[in-house]
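Please read the structure below before turning to the comments.
No lab work stands behind these numbers, since they all come straight from the coordinates. Keep in mind that this is a model prediction, so the values were computed, not measured. Here Cβ is always computed from backbone atoms with ideal geometry, including for glycine, and neighbour counts include all displayed protein chains.
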Amino acid sequence: MEWFEELDQWTASYLPDLEMTAEEPMSRHTSFRIGGPARRMAFPKRPEQVVLLVDFARQCGARPLVIGNGTNLLCPDRGLDRLVIDLSAGLTELEEGQESGTIRAACGVPLARLASFACDLGLTGLEFAHGIPGTLGGALAMNAGAYGGEMCQVVEHVHVLFPNEGIRLLTGEEMNFRYRGSLLTDRPDAVALDAVVRLAPGDKEAIRAQMRELMGRRKASQPLEYPSAGSTFKRPVGHFAGTLIDQCGLKGLTVGGAQVSEKHAGFVINRGGATCADVLALMEQVRQRVLDATGVTLEPEVRIVE
């Protein structure tokens with residue numbers, strides 16, 4: 001019996017109310033709008049469903065891939081012979097925390113919604129996150145940041161599901177946050193379920209004005225009108241990836257439907273009909289030409305899924 005047939009039988013018996021689809025195009029679930037069909041995709045609505053589903057998926061060889069908004073993913077054109085678990089559809093609880101100045105959010109909550117919720121409560125510290133398109137879960141994994149702010153500055157603690165260990169409550173320090181990484185990138189089999197962030201009191205109008213200003217800067221400098229996965233390469237020590245790519249004259253470089261943005265060289269965009277193969281070929285050309293010209297090796301920030 002194939003793993004997905006075994007999974008179908010198990011979910012029918014133990015999680016009959018779980019929404020699950022077959023051969024679901026990943027292009028519908030990634031900001032790049034690229035990717036072939038996932039053999040199975042599940043849309044849990046409760047943490048208990050996630051716990052049970054992840055556990056059985058590993059037992060049957062489904063190789064679970066947990067995603068949010070798919071804003072940092074590049075998926076293969078041939079599709080994924082694995083189970084994709086989308087937390088953005090159902091794990092979206094958001095509320096004030098038990099302690100003053102805190103907010104508890106499930107990891108499927110969009111980061112922009114979390115920032116707006118904080119603003120409505122008169123809490124400052126998440127203004128930088130307002131324009132980041134991913135979910136809280138992805139932001140925790142990558143220690144998402146912009147304009148001088150990072151998730152590590154506000155995370156109080158996180159509930160994390162570990163295979164064969166169960167759920168543990170980790171402090172921000174225990175999450176091992178660093179530039180575009182965390183415990184969750186060290187342990188890709190672990191799944192963040194929810195988190196509490198601690199913020200400071202602030203003036204609602206000042207917070208809202210700051211969010212508008214940062215969004216305006218983002219719109220002016222980034223190619224938000226095209227599908228992409230955000231910054232394609234990590235920031236090399238002592239450099240900026242976009243600046244190096246621009247200095248090498250690579251703005252506008254194109255492979256198939258993929259292009260180095262003419263607006264911001266740090267972005268590879270989908271101009272229309274781009275495939276995963278197009279993006280990978282373009283990224284390799286950029287990496288090699290920057291290395292030849294500057295001696296600096298660019299590392300992908302986009303997560304390449306297999």
DSSP loop GluC sites (Glu not before Pro) in segment 131-177 with at most 15 other Cβ atoms within 10 Å of their Cβ, which ones? Glu165
Loop-only chymotrypsin sites (Phe, Trp or Tyr not before Pro) in segment 223-270, please: DSSP not H, G, I, E or B, and at most 15 other Cβ atoms within 10 Å. Phe240
With the dipole of the chain worked out from charges on the C-beta (+1 for Lys and Arg, -1 for Asp and Glu) around the Cα centre, which of Gln59, Ser231, Leu15 lies farthest toward the positive end? Ser231
Pairwise centroid distance, computed over Cα atoms, of segment 24-60 with segment 225-272, Å: 29 Å
For segment 242-306, size of Cβ-based charge dipole, Lys and Arg +1, Asp and Glu -1, in debye: 180 debye
Give me the lysines in straight-line cross-link reach of Lys219: C-alpha distance below 29 Å, same-chain residues under 8 apart excluded. Lys204, Lys234, Lys251, Lys263
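Tell me, what does the Kirkwood hydrodynamic radius of the chain come to in angstroms if you use every pair of distinct C-alpha atoms? Could you put the intermediate results ahead of the total?
Details: mean 1/r = 0.0496 Å⁻¹.
Computed over Cα pairs of the chain, the Kirkwood hydrodynamic radius comes out at 20.2 Å.
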Taking springs between alpha-carbon atoms closer than 10 angstrom, which of Gly238, Gly202, Gly138 fluctuates most in the Gaussian network model of the chain? Gly238
Note on segment 1-132: contact order normalised by length, alpha-carbon pairs under 8 Å, 6 or more apart, percent, works out to 21 percent
Taking the chain and counting helices only, DSSP H stretches of n ≥ 4 at -39,500 (n - 2.57) each over all residues, the nearest-500 ellipticity at 222 nm comes to -9000 deg cm²/dmol
Working only with C-alpha atoms, what are the Rg and Dmax values of segment 223-304, expressed in angstrom? 11.4, 35
Which one, Thr171, Ser100, Val191, projects farthest toward the positive side of the charge dipole computed for segment 94-207 from Cβ point charges (K/R +1, D/E -1)? Val191
